[in-house]
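In what follows, a structure is listed as structure tokens, so that the remarks can point back to it.
The values are calculated or read from the model by the stated rules, or taken from the named source; none is laboratory data. Because the structure is predicted, anything quoted here is derived from the model rather than measured. Here Cβ is always computed from backbone atoms with ideal geometry, including for glycine, and neighbour counts include all displayed protein chains. Calculation scope for accessible area: heavy atoms of the full protein, side chains included, ligands and nucleic acids excluded. Shrake-Rupley method; radii C 1.70, N 1.55, O 1.52, S 1.80 Å.
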Amino acid sequence: MGSILNRKRKRIAVLASGNGSNMQAISDYSLKNDINGDVVFVVTNNPDAYALVRAKNANIKTFCIDFKKNIPRQEFDREISEAIKNEKIDLICLAGYMLLLNTVFISEYQNKIINIHPSLLPSFKGVHGIKDAFDYGVKVTGVTVHFVDCELDHGPIILQEAVQINEGETAQQLEAKIHEVEHKIYPLAVKYFCREELKIIGRKVCITERC
Ligand code: GRF
């Protein structure tokens, strides 16, 4: 493996539909640490997403296509796909992006799309990972960063970190703890990707620095 200095910096796009705190965490981390990549593009389906404000404050190029505007799904997907291709993106990070990507797009960017999920997968898949774990009464939940494949919350796992649910803790307190862990491990996974330190072997992801 050549020195990291010889490798091209990765161009990162973040897809977000809401608050965008993970987008911010990745972007802040890339500015402060040498992760060999930069968040250059933020894409959203929601014109009211706070992620857009964060991106503009950080001088990151944005692209917004309003999903609610009855645009046929094929057309919507085509526009997003074209926008990303035009930016010559190397890595796509899903960060609270509330729409499923189409399978053609996923195949085109195979092993180049990653996602963060607020539970220890494969438990509590879906959009309410934190609440579902809390309501179920588990004592330990956590955060997962994984590659995206055509099945929901399913692809090979890059990093996971457990979060304890303490006696008497509220769902809101748990959520805050989960976000804190997200903001730590998502940038780390991005760093490994950008430094080309992730090797996928079947369902397993080996981080070369650790194996
Ligand atoms: C995070 O909890 C993430 O795990 C989930 O959606 C949430 C997005 O939060 N996929 P934010 O928009 O990054 O603040």
Subject >> Counted charge near ASP149, where neighbours are those whose Cβ lies closer than 15 Å (Asp, Glu -1; Lys, Arg +1) >> reply: +1
Subject >> Ordering of 53-60, 183-190 by packing [mean C-beta count within 10 Å, highest first] >> reply: 183-190, 53-60
Original post:
If we sort 149-160, 22-33 on the protection proxy, mean other Cβ atoms within 10 Å, highest first, what's the order?
Top reply: 22-33, 149-160
Original post:
Mean separation of Cα pairs under 8 Å and 6+ residues apart, divided by the residue count of the chain: what relative contact order is that in percent?
Top reply: 19
Subject >> Residue-by-residue Karplus 3J(HN,Hα) for the stretch 51-66, coefficients 6.51, -1.76, 1.60, Hz, glycine and proline x >> reply: 4, 5, 5, 4, 5, 5, 4, 9, 6, 9, 4, 10, 9, 10, 10, 6
Original post:
In angstroms, what radius of gyration and Dmax does the chain have, counting Cα atoms only?
Top reply: 16.9, 51
Original post:
If you look for lysine pairs in the stretch 37-164 that are eight or more places apart or on different chains, how many of them have Cα atoms under 30 Å apart?
Top reply: 26
Original post:
Build a GNM of the chain with springs between Cα atoms under 10 Å: which of GLY137, GLY37, GLY96 gets the top mean-square fluctuation?
Top reply: GLY137
Original post:
Leaving out ligands, DNA and RNA, what percent of the accessible area of the stretch 10-210 is carbon and sulfur, probe 1.4 Å?
Top reply: 51
Original post:
With every protein chain left in place, what is the accessible area per residue of the chain in square angstrom, probe 1.4 Å?
Top reply: 52
